[in-house]
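The values are calculated or read from the model by the stated rules, or taken from the named source; none is laboratory data. Not measured: the values here are computed from a predicted model. Here the Cβ positions follow ideal geometry from the backbone for every residue, glycine too, while neighbour counts run over all protein chains shown.
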Amino acid sequence: MSPEPRQPPAAALWLLDRLLPVAERDLVIGDVTEMLADRVEAGRGFNRAWCWVQTAALLLGLTASRVPIDAPQRSFVMRLSGRVSMTLKQSVRRLRYEWRYALGVVIILGVGIGPATTMLSIVQRVLLQPLAYQDPDRLGIVRINLGQIQNHPGLSPGEVIDLRRTQGLFAGVEAENRRYEVTLKTDDALVPLSAVSITTGMLPMLGVVPVLGRPFTEGDVKDRPDAVLMDYGTWRSRFGGDAGVVGRRIVLDGNPVEVVGILPAGFRLTTGRAVPEPIDVYTPMRVTLFRNFWAFPTLVRLAPGETFDRVNAALPGLAASLVKAYPDAYSGARLQFLISPLKDDMVKTTRPALDAAIVGVLLLLVIAMANATALVIARLRTRERDFAIRLAVGAGRGSLVADVFMESALLSGCGAILGAALGALGLEAARRLVPHTVPRWDDITLGAGVVAYAATLALVGLFTCGLLPLWKASRHVPWDSLQSGSTRSGQADSALSRLLLAGAQIALTVVLAFGAIQLVRSATRLSEVDLGFDPNVLTFRTSIDFQRFKTPAESTALFERIRDRLRALPGVEAVGGVSHLPLSGSVLTDAWTTDLSKQPGWDLSTANYYSTVPGYFGSMKIPLRQGRDFSDVEDRTAQHVVIVDESLARAAFPGVADVTGRILRLGWGLPDSRIVGVVGHVRGIEIAREVRPQIYVPMGLFTQNPNFTVRASGDPARLIGPIQAAVKELNTGRAVAGFAMLTDNVAAATSTLRSITGLVSILAASAALLSAMGLYVVIAYLLHSRRRATAIRSALGATPSQLVRLHMRTSLRVLLVALPIGIGLAVAGAPLFASLVFGVATRDPASLTAAVVIALVASLAGTYLPVRRAAAIDPVLALRSE
Amino acid sequence: MSRPPSRTSKAPLGDIEQRVLLAILRLGSDASGVPIVRELQRHTRRPILLPSVYLALRRLEAKGLLRSRLGEPEARRGGRARRHFALEPAGKAALREAQQTLLSLWRGVSLDES
């Protein structure tokens with residue numbers, strides 16, 4: 001702590017010296033200094049704080065008081081504050097009188113600021129906020145390219161060790177295994193939990209310390225799980241937050257394991273997925289030199305001084321030496337390690353959509369600002385006479401400028417309040433609407449950020465709607481407005497700046513409308529894609545108790561018994577099972593070949609491998625093109641049979657009409673198998689494209705935990721109870737988990753595009769409305785200033801339709817400039833969002849035409865209404881009113 | 001420097017004004033900012049808000065109830081001069097009036113009996 005000061009802080013002295021009335025400065029400052037000296041001598045603390053409290057109290061109390069002191073000694077602050085409060089009062093009075101104008105500007109600003117505030121808050125949470133780990137920018141994730149496999153987020157354990165052995169690149173290399181399911185046995189229930197294994201150094205590398213208990217040690221790694229760290233939420237919900245759980249043993253999958261610690265609230269392990277799966281318990285694991293199973297997502301912490309670029313440049317050498325040293329594992333395929341910052345990896349799938357959303361809201365914001373500015377300027381013209389009179393009787397130009405500025409400040413302040421309110425509402429809505437495929441979607445909460453963004457944007461608004469009018473007000477003295485109305489009303493007012501602003505709005509409307517149309521068409525195309533299966537299926541998982549069902553034949557028989565029991569439930573039409581559901585994000589991939597002289601390696605074509613319980617294709621309505629489904633006997637006796645999808649059949653046997661009976665050499669160490677059927681291709685990884693062909697084998701041949709697929713008539717929810725009862729009876733000791741409709745997977749896969757489409761469509765509609773309004777205001781004002789000329793034309797015999805044509809010309813000139821600019825911007829910006837567009841060309845001419853038409857209709861509507869009113873003018877009335 | 005009274009007032013003294021005048025009366029020739037504040041603190045046994053004291057001094061001087069003069073600069077005050085306050089006859093008269101008002105209000109009543 002610094003020693004107690006003998007003098008008040010210099011800044012406080014400076015403030016007091018500047019702001020206090022001259023007559024009282026010595027008295028007050030001297031007294032404060034003297035009292036401070038007394039306090040220090042008396043040994044009292046917090047003297048600096050005391051000084052600041054006194055300074056604040058004195059400034060507030062003595063400068064704002066109306067107790068008279070001699071006039072020449074009134075402080076600058078007092079004079080300024082008096083003037084500000086007077087200007088403020090006048091502005092409020094004027095705006096209250098013209099409340100329709102004020103309300104219009106405030107609403108326009110709010111409509112612009114609100115969505116921008118919402119989106120900026122979301123972007124801040126999703127894209128910018130650092131991950132909740134220690135020094136998160138130094139953390140990276142390793143992806144590999146191996147032959148046909150690209151950007152795969154899992155390493156083989158041997159490669160984790162290889163990376164650890166590199167010199168000086170990493171401060172840590174730690175891995176996790178894939179998520180698996182365990183059953184927690186409590187006194188009265190079986191609870192499904194999700195678990196993941198992590199290397200013991202993972203949490204220390206992330207800088208995460210358990211809130212209770214201890215982290216893993218090397219001694220915790222046993223052949224069978226013996227120690228777990230528990231998720232904070234699971235601890236609260238399953239164990240009521242009982243601290244006594246730590247050190248106690250719980251029963252997982254029939255084995256007692258010790259809970260060694262509780263992880264901090266909100267901890268999530270981010271490894272390669274945009275949204276980490278919720279994990280209930282973490283188990284320790286050790287990596288071995290095993291090298292044929294790329295299933296270990298791996299995180300690294302860069303060594304001090306290293307950069308991602310330098311590390312990536314150093315890794316090709318390692319990859320080349322591995323390919324040479326382990327020809328069996330890599331079969332000569334190209335191996336590449338790619339390390340990217342963890343946060344970039346997490347947000348990369350969402351970034352294009354968020355970028356589009358940000359561009360959309362900022363365009364709308366610019367349109368709203370331009371619109372509000374045009375309104376403010378238009379109104380300023382009606383006050384010209386007032387300004388001229390005030391200047392004539394001796395007002396300073398500064399006071400006029402202050403006047404204009406104060407009004408703009410008031411309007412944008414109110415706009416900011418409205419914008420913050422709309423932004424907060426928008427954020428609440430977004431919390432519900434943001435797809436759960438967006439990283440950290442549950443972090444999107446209402447915070448101080450909303451207000452900060454609204455305030456910042458309002459400042460921008462203040463400068464745009466304040467400065468341009470300010471400049472106009474200070475530039476010329478509208479002496480001519482003092483002349484009588486009749487002598488000036490014949491002159492044409494070019495209103496150039498407002499036409500420019502209106503033109504800018506039209507151009508940006510074209511851009512937004514183009515984006516919205518492209519996205520709507522993409523979403524429609526995506527919803528029309530044939531998935532290859534009917535997702536109206538109820539799914540659930542259950543794990544196998546390998547102690548009870550020791551052989552594949554035993555577990556396969558169990559699956560079939562479950563299937564048959566479910567088939568007997570009322571309303572159930574078909575039941576099957578599969579190891580990996582379509583669009584679930586997890587899949588097994590390996591090579592295949594028809595060349596029986598080769599070993600399947602990464603240099604060959606790859607496919608996704610699925611194990612099925614017979615009946616799967618029927619339950620999913622996946623069409624059978626050739627042959628048949630597996631029989632129960634084939635399944636239980638692990639016959640060497642395989643079913644392939646049509647794209648693999650085409651690729652493996654080009655030109656062959658019937659491929660059943662042909663032999664395929666498979667990956668995953670599976671035996672060469674005979675094709676017994678060909679099914680339709682399923683869009684299992686992405687809806688937008690076929691990623692890889694598919695290979696199905698019987699569960700008996702390749703036993704994995706199945707997802708059951710149940711097709712039923714009526715409400716599937718009523719089946720949950722009976723299914724649980726049936727499975728519990730047959731597969732004792734294991735819980736049933738993850739009841740869901742497969743339609744949810746489809747919805748999640750399209751959710752980002754659907755929400756961004758909705759958002760951009762709303763923005764485009766608002767933009768069209770705003771630019772129509774903007775043009776309306778400008779044209780209406782223009783016509784008002786030309787009403788004398790119009791009246792004379794009308795009196796001389798011009799028909800209303802001639803007058804309409806005459807006035808429409810102004811608008812058409814604006815459109816002639818604005819539309820090409822808008823088209824240019826849309827075409828130039830289109831490639832930025834190419835990754836969002838599906839099934840339509842990036843610069844689709846039809847979409848562009850439609851966007852132009854929308855902008856055209858909006859502007860013509862904004863022009864036609866005031867023009868028609870002006871054309872219907874009664875010349876006698878118009879001329880008399882001058 | 002002593003400023004001429006800008007106006008005098010017959011309005012009764014406010015509470016803080018009365019206390020400040022009394023503090024000056026008690027302090028006599030020692031009456032200046034810090035001693036006044038300290039005297040007030042000693043008798044009210046409560047923290048005093050500095051601005052209220054200065055505003056009272058400002059008002060009392062404007063009403064012509066007290067006068068002030070500048071002393072010498074002092075090192076302890078950061079080189080600032082001390083301002084000494086003294087009662088004007090009108091100030092004494094105002095105090096006397098306040099005292100009499102209070103005394104006459106108190107005459108014949110007791111808090112214990114009511």
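How many residues does the range A:716-741 contain that are at pLDDT 85 or above and either surrounded by fewer than 20 Cβ atoms within 10 Å (Cβ to Cβ) or outside the structural domain of A:Val633 (by TED's automatic domain parsing) (or both)?
Residues in the range A:716-741 being at pLDDT 85 or above and either surrounded by fewer than 20 Cβ atoms within 10 Å (Cβ to Cβ) or outside the structural domain of A:Val633 (by TED's automatic domain parsing) (or both): 10 in total.
Considering (1) surrounded by fewer than 14 Cβ atoms within 10 Å (Cβ to Cβ); (2) of a type in the set (S, T, N, Q); (3) over 26 Å from A:Arg786 (Cα atoms), say which one A:Ser801 fails and leave the rest.
Failed condition: (3).
Of the residues B:Arg42, B:Arg59, only one is at pLDDT 85 or above, more than 25 Å from A:Gln7 (Cβ to Cβ), in a helix (DSSP H, G or I) and within 8 Å of chain A (Cβ to nearest Cβ); which?
B:Arg59
Could you check the range B:62-88 and list, in sequence order, the residues that are facing chain A (nearest Cβ under 10 Å), among the basic types (Lys, Arg) and surrounded by fewer than 20 Cβ atoms within 10 Å (Cβ to Cβ)?
B:Arg76
Out of the residues in the range A:598-655 meeting the condition of being among the hydroxyl-bearing types (Ser, Thr, Tyr) and in a strand (DSSP E or B), tell me which one is farthest from A:Asp564 (Cα to Cα).
A:Thr606
Go through the range A:832-849 and count every residue that is crowded, with 17+ Cβ neighbours inside 10 Å and in a helix (DSSP H, G or I).
4
Results for (1) without any contact (Cβ under 8 Å) to a residue 12 or more places away in the chain; (2) not charged (D, E, K, R), shown as yes or no for each residue.
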{"residue": "B:Gln41", "(1), (2)": "yes, yes"}
{"residue": "B:Pro47", "(1), (2)": "yes, yes"}
{"residue": "B:Leu57", "(1), (2)": "no, yes"}
{"residue": "B:Lys63", "(1), (2)": "no, no"}
{"residue": "B:His84", "(1), (2)": "no, yes"}
{"residue": "B:Leu87", "(1), (2)": "no, yes"}
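Condition first: at pLDDT below 90 and in contact with a strand residue (DSSP E or B) (Cβ under 9 Å, 6 or more places away or on another chain). Can you find one or more residues in the range A:605-628 that meet it?
Yes; the residues of the range A:605-628 include at least one that is at pLDDT below 90 and in contact with a strand residue (DSSP E or B) (Cβ under 9 Å, 6 or more places away or on another chain).
Restricting attention to the range A:798-806, does a residue exist that is outside the structural domain of A:Ala370 (by TED's automatic domain parsing) and either within 30 Å of A:Thr437 (Cα to Cα) or touching a Leu at 6+ places or on another chain (Cβ under 7 Å) (or both)?
no
Go through A:Ser631, A:Ser713 for me and flag whichever is of a type outside the set (A, V, I, L, M, F, W, C), touching a Gly at 6+ places or on another chain (Cβ under 9 Å) and surrounded by fewer than 15 Cβ atoms within 10 Å (Cβ to Cβ). Steps first, please.
Details: A:Ser631 fails: touching a Gly at 6+ places or on another chain (Cβ under 9 Å).
Answer to the selection: A:Ser713.
Within the range B:89-102, can one find any residue that is loosely packed, with under 12 Cβ neighbours inside 10 Å, more than 10 Å from chain A (Cβ to nearest Cβ), of a type in the set (Ser, Thr, Tyr) and farther than 17 Å from A:Met35 by Cα?
no
Yes or no: B:Asp30 more than 11 Å from the chain's Cα centre (by Cα), more than 14 Å from every other protein chain (Cβ to nearest Cβ) and of a type in the set (Asp, Glu)?
When the stated conditions are applied, B:Asp30 does not pass them.
Just to be sure I understand, how many residues within the range B:76-114 are assigned to a helix (DSSP H, G or I) and out of contact with any strand residue (DSSP E or B) (no Cβ under 6 Å at 6 or more places or on another chain)? Full working, then the answer.
Taking the range B:76-114 as the starting set, the residues that turn out to be assigned to a helix (DSSP H, G or I) are B:76-77, B:89-106.
Narrowing the set further to residues that are out of contact with any strand residue (DSSP E or B) (no Cβ under 6 Å at 6 or more places or on another chain) leaves B:76-77, B:89-90, B:92-106.
Looking only at that region, the number is 19.
Here are A:Arg83, A:Arg125: which of them is within 30 Å of A:Asp345 (Cβ to Cβ), of a type outside the set (Ser, Thr, Tyr) and modelled with pLDDT under 85?
The conditions single out A:Arg125.
Which count do you get for residues in the range A:789-831 that are part of a helix (DSSP H, G or I), among the hydroxyl-bearing types (Ser, Thr, Tyr) and over 30 Å from A:Val366 (Cα atoms)?
3
Filter the range A:14-41 down to residues that are within 12 Å of another protein chain (Cβ to nearest Cβ), in a helix (DSSP H, G or I) and farther than 18 Å from B:Val34 by Cα and give me whichever is farthest from the chain's Cα centre (by Cα).
So, considering only residues that are within 12 Å of another protein chain (Cβ to nearest Cβ), in a helix (DSSP H, G or I) and farther than 18 Å from B:Val34 by Cα, the one farthest from the chain's Cα centre (by Cα) is A:Val22.
Residues to consider are A:Leu596, A:Leu588, A:Leu581; find the one that is of a type in the set (A, V, I, L, M, F, W, C), touching a residue at least 60 places away in the same chain (Cβ under 8 Å), buried (at least 21 other Cβ atoms within 10 Å of the Cβ) and over 20 Å from A:Thr637 (Cβ atoms).
So the residue among A:Leu596, A:Leu588, A:Leu581 that is of a type in the set (A, V, I, L, M, F, W, C), touching a residue at least 60 places away in the same chain (Cβ under 8 Å), buried (at least 21 other Cβ atoms within 10 Å of the Cβ) and over 20 Å from A:Thr637 (Cβ atoms) is A:Leu581.
Cβ-Cβ under 8 Å, sequence separation 6+ or interchain: first residue in the range A:214-240 and outside the structural domain of A:Arg286 (by TED's automatic domain parsing) and among the hydrophobic types (A, V, I, L, M, F, W, C), partner assigned to a loop (DSSP other than H, G, I, E, B) and exposed (fewer than 14 other Cβ atoms within 10 Å of the Cβ). Which pairs?
So the pair list comes out empty.
Is it true that some residue in the range A:236-251 is among the hydroxyl-bearing types (Ser, Thr, Tyr), over 31 Å from the mean Cα position of the chain (by Cα) and surrounded by fewer than 21 Cβ atoms within 10 Å (Cβ to Cβ)?
no
Could you check how many residues of the range A:42-57 are touching a Leu at 6+ places or on another chain (Cβ under 7 Å) and either among the β-branched types (Val, Ile, Thr) or facing chain B (nearest Cβ under 10 Å) (or both)?
3
Scan the range A:4-13 for residues that are part of a helix (DSSP H, G or I) and either within 13 Å of chain B (Cβ to nearest Cβ) or of a type in the set (Asp, Glu) (or both) and report the count.
3
So, of the residues in the range A:156-168 that are buried (at least 19 other Cβ atoms within 10 Å of the Cβ) and in contact with a strand residue (DSSP E or B) (Cβ under 8 Å, 6 or more places away or on another chain), which turns out to be nearest to A:Leu315 (Cα to Cα)?
A:Leu163
Looking only at the range A:510-553, how many residues end up being basic (Lys, Arg) and in a helix (DSSP H, G or I)?
Qualifying residue count, the range A:510-553: 2.
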